[in-house]
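The values are calculated or read from the model by the stated rules, or taken from the named source; none is laboratory data. Just so it is clear, the structure is predicted and the values come from calculations on it, not from any experiment. FYI the Cβ positions are ideal-geometry reconstructions off the backbone, even for glycines, and counts take in every protein chain you see.
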Amino acid sequence: MTDALVCFLISAVSLIAAVRCFAANQAYRGAIDAALAAARGGPIDVPERVKPYYDAAYLNKFISMAENQETTFGKSALVLYIRPTLLWIDIWFAVCYAIFLASFWLGVLSVTAEHTVVALVAKFCLVMAIAYGIADVAEDLWLIRLFSKGTEIAKSEGALACLLTQIKLLTISLTLIGGLLFLALGKIFAKARGTRA
């Protein structure tokens, strides 16, 4: 088996795993969205969907609203968002999706190594795929830490959370196929559960 074929096989398997994680999270995200839409003083979005920027004040408001909104799972929106949404489903999605993207671009690189321009694009996208995986997992872990600590979030902590979200979004977009496919998944699953993406 050639190196490219192995890369594309790994890419396909990890994409299937990523889509399964994405699908598995929809019931939880739907319940969180419904609870937050009904929140007093709301609706409010989960931080990952706030564009282009959120801060510590937003995160503190999110916590105070989400911890008092019960979901259909019998847990508050905040507790359900922490686990299982962020920990572990989102983390597994990020890892599988980054492996999919990195393997895909590594496969492209191995078959186009002699084509300088295509090889440069593939190398860039490969680096962005790895950076995306790191940023997405770091964002999830940081949000979990902030939402679990039980004290007010400081300005610097909120700024770091927002920076990680922005890096995640930028790097996934710069993988080219990653950003487009992620948007498509969001639209498909949001339509299926009858909510906005």
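Taking A113 as the residue in question, decide whether it is among the small types (G, A, S) and assigned to a helix (DSSP H, G or I).
It is false that A113 is among the small types (G, A, S) and assigned to a helix (DSSP H, G or I).
Tell me which of these E114 doesn't satisfy, since it passes every other one: (1) touching a helix residue (DSSP H, G or I) at 6+ places or on another chain (Cβ under 6 Å); (2) at pLDDT below 95; (3) acidic (D, E).
Condition not satisfied by E114: (1).
Mind listing whichever residues of the range 142-191 are within 20 Å of E67 (Cα to Cα) and not in a helix (DSSP H, G or I)?
Result: K149, G150, T151, E152, I153, A154.
Can you spot a residue in the range 83-92 that is of a type in the set (A, V, I, L, M), crowded, with 20+ Cβ neighbours inside 10 Å and within 22 Å of the chain's Cα centre (by Cα)?
Checked the range 83-92: at least one residue is of a type in the set (A, V, I, L, M), crowded, with 20+ Cβ neighbours inside 10 Å and within 22 Å of the chain's Cα centre (by Cα).
Confirm whether I144 is at pLDDT 95 or above and within 12 Å of the chain's Cα centre (by Cα).
Criteria not met by I144.
Filter the range 66-81 for residues that are of a type in the set (A, V, I, L, M, F, W, C) and surrounded by 20 or more Cβ atoms within 10 Å (Cβ to Cβ); which is nearest to S148 (Cα to Cα)?
Selected residue: L78.
Of all residues in the range 108-136, which are crowded, with 16+ Cβ neighbours inside 10 Å, small (G, A, S) and closer than 19 Å to F8 by Cβ?
Matches in the range 108-136: S110, A119, A122, A129, G133.
Which condition number does R40 fail, the rest of (1) more than 19 Å from the chain's Cα centre (by Cα); (2) part of a helix (DSSP H, G or I); (3) of a type in the set (K, R) being met?
It fails just one condition, (2).
So for the range 10-21 (the condition being modelled with pLDDT under 95 and part of a helix (DSSP H, G or I)), does at least one residue qualify?
Looking through the range 10-21, none of the residues is modelled with pLDDT under 95 and part of a helix (DSSP H, G or I).
Quick check on my filter: what residues within the range 25-70 are among the hydroxyl-bearing types (S, T, Y) and farther than 17 Å from P84 by Cβ?
Residues satisfying the conditions are Y53, Y54, Y58, S64.
Condition first: of a type in the set (D, E) and farther than 30 Å from A39 by Cβ. Now tell me which residues in the range 65-116 satisfy that.
E114
What number goes with the only condition from (1) under 30 Å from I130 (Cα atoms); (2) in a helix (DSSP H, G or I); (3) touching a residue at least 40 places away in the same chain (Cβ under 8 Å) that P52 does not pass?
(2)
If a residue has to be among the small types (G, A, S) and surrounded by fewer than 18 Cβ atoms within 10 Å (Cβ to Cβ) to count, how many in the range 1-33 make the cut?
Residues meeting the conditions: 6.
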